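Presented below is the structure to which this report refers.
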Amino acid sequence: MKATIAKAQPRRVRANSFFYRARGDSPFALLVINLMLVLACVVAVYPAVRVFSISLGPFNQSLIDPFTIVPASATAANYIQLIAKKGFVLWLCNSLAITVSVALIGLALSATGAYAFSRWKFPGRRPGLIFLMATQMIPAGMVLIPVYLMLAKLGMINHFNGLALAYTVTAVPFSIWILKGYYDTVPLDLEEAAMIDGCSRLQAFWRIVLPLSTPALAIVFLFNFMQAWSEFPVAYRIITNKNLYTWTLGLKALQGQFQTEWGMYAAASVLITIPVLLLFLYSAKWLISGLTLGSVKG
Amino acid sequence: MDYNLWTALLQGIRNALPSLSASLREIIPVLFLIIAGSVFLELAVYFVLAKGLKSRYALPYTLLAPSALGLLAFLGWPLIFNVGIAFSNWRLANLLNPSFGLKYGLDNFRKVFTEPLLNTKASTFGVIFGRTMLWTVVNVFFHVVFSMGLALLLNRKLRLRGLYRTLLVVPWAIPDVVVGLVWKGEFHQQFGFVNLMLAKLGIVGPPWLSDGSWAFVAVCIANIWRGIPFMMVIILGGLQSIAGEYFEAAEIDGASWWQQFRHVTIPLLQPVLGPAITLGVIWTFNNLNAIFLITEGGPSEQTNILVSALYNAAFGFSKFGFGAAFAIVIFVILFIFAGGWLRASGALKGVTEA
């Protein structure tokens, strides 16, 4: 593809295609395009804004008019009650403790494992890679039933360890895939040069490959973090003790008494979503390049 | 007692501390145990392989040892164990002493295809399988169509392009659980904004979540809304890598916009679109959250897809043996599809050769 682009350059033809306008669109076309995009943005954002409006008011007032963003009687009452009376702080801390452990352990395991897959053609490599890929297709229930029964036998129901274990092993295969794809793009010459200068293989990995892979490592950490942070079905079965609720379970419990707790439930959604949303929008570019790394390579 | 935001936060922290310290006392020793265990395992593997067996591959096997052990113990073993469970009569009544046997297994697999999967008569395998196909096709179709449209619009010279892109990605950035539970509220017949908006237009909104067909439409709408940004971003990335010269050349040769789309855009998007659609199909097929959080499969089990039926059968009704057999059937379906698709598109080749 690169060769064709290079050849096409000297021709300097400027034809206006429907899909590519060298000089931009006409004012009328621009108006239509912008209108369509604004409409799409409203559809994309409105449900989120609506939750924000509901969180600000008492149940009966904020719900009636779908076009009021900040209700006239806006208060922080829902937020205050949520934080002081419900276990919201506890849910957040529980989630954070599990998620950070999962993301860190997952990163350590996959960073080293992926390096082995990337640099050596050892016996068992191909079946290993296919196994890792196949795990992506397994329906959650297929692992959840045996894991649930195993944890039940081991007495690990209602313990964070069981949950953290389940999260880590589901996060590692995908992480290894992404990191292996990235390591593959780091030239082998760099390590060889370092080894000629007296580094061992592991030192070369630690001092050269890992620092060069910081973007990919960040992606994997972030991805596993977000995955574990928002997980619901597994936690719903393993954790039933209210003191161990993660925020997803707490939110679901709030919604159980829907009619009365609607405002508080909306407040919880807002508080959960804002940090995740900011983190996501900030890192969207890396996340996306990480997701497409394996598929568009070469 | 009245709180303001600050005192509320203090009170919240005070409430959380006892439980939190208990769980941290549990989790931190285990973390250290895992780290120490991994290091010990690596040293052991290395000494056996390098010093004992003089293997050329001592280092890669050492590096892989902890993750391989973890994956085999907590992912590989459960998968084998799952086959064992499928050949048992495990259910809530005999949670601690199930019996295993070939007869139970054959019975479980026969039941998957011949008896209702859940409580109602209509929840047969055929019906739910059909609904899953419809669910997957409808969702992925609209994901691709809408995303393609938006990506084509965004791929032009626009002053506000960055802003549009950011806002359009919002549905993807909100956690699944929030999305699911929020949409459940928004489809409320009286108070949800969907029906409030329809009322403004003079339309009496349907009883979204209490009627089977409407509930299915509702979960589809919610999931389409949620899934567009991912596909859009992938397609936009692909579009931006297509040089404008291709379109100029096509224009000079007199190609209509449809011909350009069909013969320039689509073929050049193929390497990006193919894997994205494969992933989209697998994710949609396996999307338990969208169904479970909005309808839990209801009303009267009429919005269940295969994975949510599995979740409900295994945990709602505690039919573990039957659920395990059912899970194997689902996995085989997905594996045949994905394997066939990957073979046909040749996506697997580059993966294992590299």
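In what order do B:ARG165, A:ARG125 fall by count of nearby beta-carbon atoms within 10 Å, going from fewest to most? Walk me through the intermediate numbers first.
Details: B:ARG165 21, A:ARG125 16.
By the 10 Å Cβ count, ascending: A:ARG125, B:ARG165.
Only Cα pairs within less than 10 Å get springs; with that Gaussian network setup on chain A, which residue of A:GLY124, A:GLY141, A:GLY87 has the largest fluctuation?
Most flexible of the set in this elastic network: A:GLY124.
List, in order, the whole-Hz ³J(HN,Hα) value for each residue of the stretch A:176-191 obtained from phi through the Karplus relation with A = 6.51, B = -1.76, C = 1.60 and θ = phi - 60°; use x for Gly and Pro.
For the stretch A:176-191, the Karplus curve yields 4, 4, 5, 5, 4, x, 6, 4, 4, 8, 7, x, 5, 3, 4, 5 Hz.
Summarise the long-distance tail of P(r) for the protein assembly as shown by giving the % of C-alpha pairs beyond 32 Å.
Above the 32 Å cut-off, the protein assembly as shown has 56 percent of its Cα pairs.
Taking the Cα of A:ASP65, stepping 7 Å toward and past its beta carbon, and measuring to each backbone N in the stretch B:202-220: which are under 18 Å?
B:202
Quick one: Debye curve from the alpha-carbon atoms of the stretch B:57-108 only, equal weights, vacuum; give me log10 I(q)/I(0) at q = 0.25, 0.27, 0.28 Å⁻¹ to two decimals.
-0.90, -0.97, -1.00
How do A:GLU192, B:GLU245 rank when sorted from fewest to most other Cβ atoms within 10 Å of their own Cβ?
A:GLU192, B:GLU245
Residue by residue, what Karplus-based ³J(HN,Hα) values in Hz, rounded to whole numbers, does the stretch A:194-200 have, using 6.51, -1.76 and 1.60 with θ = phi - 60° and x for Gly and Pro?
Going residue by residue, I get 5, 6, 4, 6, x, 6, 7 Hz, with x marking Gly and Pro.
Restricting things to alpha carbons, find the Rg to Rh ratio for the stretch B:5-84 using the Kirkwood radius for Rh.
1.29
With 10 angstrom as the radius, rank A:ILE80, B:ILE266, A:ILE176 by how many other C-beta atoms surround their C-beta, starting from the fewest.
Details: A:ILE80 22, B:ILE266 12, A:ILE176 28.
Arranged by neighbour count, lowest to highest, A:ILE80, B:ILE266, A:ILE176 become B:ILE266, A:ILE80, A:ILE176.
For chain A, what is the number of Lys pairs with C-alpha distance below 19 angstrom, counting only pairs 8 or more positions apart or on separate chains?
9
Where Rh denotes the Kirkwood radius from the mean inverse Cα pair distance, what is Rg over Rh for chain B? Mind showing how you got there, number by number?
Numbers: Rg = 26.2 Å, Rh = 25.2 Å.
Over the Cα atoms of chain B, Rg/Rh equals 1.04.
Distances longer than 15 Å among the Cα atoms of the stretch B:181-226: what percent of all pairs is that?
38 percent
Hey, got the average number of other protein chain Cβ atoms within 10 angstrom for residues in A:226-235?
Numbers: counts 2, 1, 0, 2, 7, 4, 9, 10, 0, 1.
For peptide A:226-235, the averaged partner shielding equals 4.
No value in this document is a laboratory result; all are computed from the given coordinates. Being a predicted model, the structure only gives us computed values, none of them experimental. Backbone-built Cβ (ideal geometry, glycine too); neighbour counts: all protein chains shown.
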